[in-house]
1. For a quick check of your reading of the model, give me the residue pairs whose first member lies in the stretch 1-29 and is within 15 Å of Val53 (Cβ to Cβ), whose second is modelled with pLDDT under 95 and open to solvent by 100 Å² or more (accessible area, probe 1.4 Å), with beta-carbon atoms closer than 7 Å and at least 6 apart or on different chains.
2. What residue, of Ala94, Ala123, Ala104, is out of contact with any Asp or Glu (no Cβ under 6 Å at 6 or more places or on another chain), open to solvent by less than 70 Å² (accessible area, probe 1.4 Å) and either modelled with pLDDT under 90 or assigned to a loop (DSSP other than H, G, I, E, B) (or both)?
3. Do you know which residues across the stretch 32-54 are open to solvent by 70 Å² or more (accessible area, probe 1.4 Å), closer than 18 Å to Phe72 by Cα and not β-branched (Val, Ile, Thr)?
4. For residues in the stretch 133-152 being farther than 11 Å from Val97 by Cα and hydroxyl-bearing (Ser, Thr, Tyr), which is farthest from the chain's Cα centre (by Cα)?
5. In the stretch 30-81, which residues are assigned to a loop (DSSP other than H, G, I, E, B) and without any contact (Cβ under 8 Å) to a residue 12 or more places away in the chain?
6. Could you please find all residues in the stretch 25-38 being closer than 21 Å to Pro81 by Cα and of a type outside the set (Asp, Glu)?
7. Please verify whether the stretch 136-143 includes one or more residues that are over 30 Å from Gly32 (Cβ atoms), surrounded by 12 or more Cβ atoms within 10 Å (Cβ to Cβ) and touching a helix residue (DSSP H, G or I) at 6+ places or on another chain (Cβ under 6 Å).
Amino acid sequence: GIRPMSLDGIELHWLWLIAAAILAGAEILAPGVFLIFLAGAAVLTAIAAALGVPLAVQLGLFPLFALGSVWFGKRWYHRNPVQSSDPLLNDRLARLVGQTVIVAEPIEGGTGRVKLGDSVWTARGPDAPAGTRMRVTGAEGTCLKVEPMEAS
C-alpha cells in the first residue's frame, strides 16, 4: 500500500499540516487575504506527502500549489469583492470631500490656504478673503479643491 514519507520518524504530511495551521493562524492574527492561500497550498502538499510523494517533489509542488492558490484567490476576490462599511477608510483626501473649511490665508490667483480641523492645507479655488467658509470638492495630491458654500 501507500506509505507516507517520513523524516527522522516524523511523517512529512504532519509537518505540512502544522505549517498550514501556522499560516492560517497568522492570517487570522494579521488578516491580509494572502497567507490563507499559502495554508491551502500546504494542505495540498500534505495530501501529496500522505500519498507517498518524495520530499524533493513535495518541495517542488508547494510553490506550484502556492502560485495556483494565490492566482485562484486573486481571481475569486476580483469577481467577488469584499464589501466595506467604510470604502474610503484608506483614502484620507476622498474623505474630506464635502467638508467645510475656513480660508486661513486669502485665496488669490486661485491658490491659498484653508483650515480644516487643526490642519492647514494648500487650496485651489476661486479668490476668497481670509475667514470665508468654503466646501472641499476634491483634491490634487495634497492640495484641496474648494468652492464657496451655497447661499442658504
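The values are calculated or read from the model by the stated rules, or taken from the named source; none is laboratory data. Everything quoted here is computed from the prediction, not taken from an experiment. Note that we place each Cβ from the backbone using ideal geometry, even for glycine, and neighbour counts take in every protein chain shown. The accessibility values were calculated without ligands, DNA or RNA, using every heavy atom of the protein model including side chains. Shrake-Rupley method; radii C 1.70, N 1.55, O 1.52, S 1.80 Å.
1. Going by the 7 Å Cβ cut-off, the qualifying pairs are Ile2/Leu51.
2. Result: Ala94 is the single residue among Ala94, Ala123, Ala104 that is out of contact with any Asp or Glu (no Cβ under 6 Å at 6 or more places or on another chain), open to solvent by less than 70 Å² (accessible area, probe 1.4 Å) and either modelled with pLDDT under 90 or assigned to a loop (DSSP other than H, G, I, E, B) (or both).
3. Phe34, Leu44 - these are the residues of the stretch 32-54 that are open to solvent by 70 Å² or more (accessible area, probe 1.4 Å), closer than 18 Å to Phe72 by Cα and not β-branched (Val, Ile, Thr).
4. Ser152
5. Within the stretch 30-81, Ala30, Pro31, Gly32, Asn80, Pro81 qualify.
6. Going residue by residue through the stretch 25-38, those that are closer than 21 Å to Pro81 by Cα are 27-28, 30-38.
If the condition is that a residue be closer than 21 Å to Pro81 by Cα and of a type outside the set (Asp, Glu), then Ile28, Ala30, Pro31, Gly32, Val33, Phe34, Leu35, Ile36, Phe37, Leu38 are the ones that fit.
7. Checking the stretch 136-143: at least one residue is over 30 Å from Gly32 (Cβ atoms), surrounded by 12 or more Cβ atoms within 10 Å (Cβ to Cβ) and touching a helix residue (DSSP H, G or I) at 6+ places or on another chain (Cβ under 6 Å).
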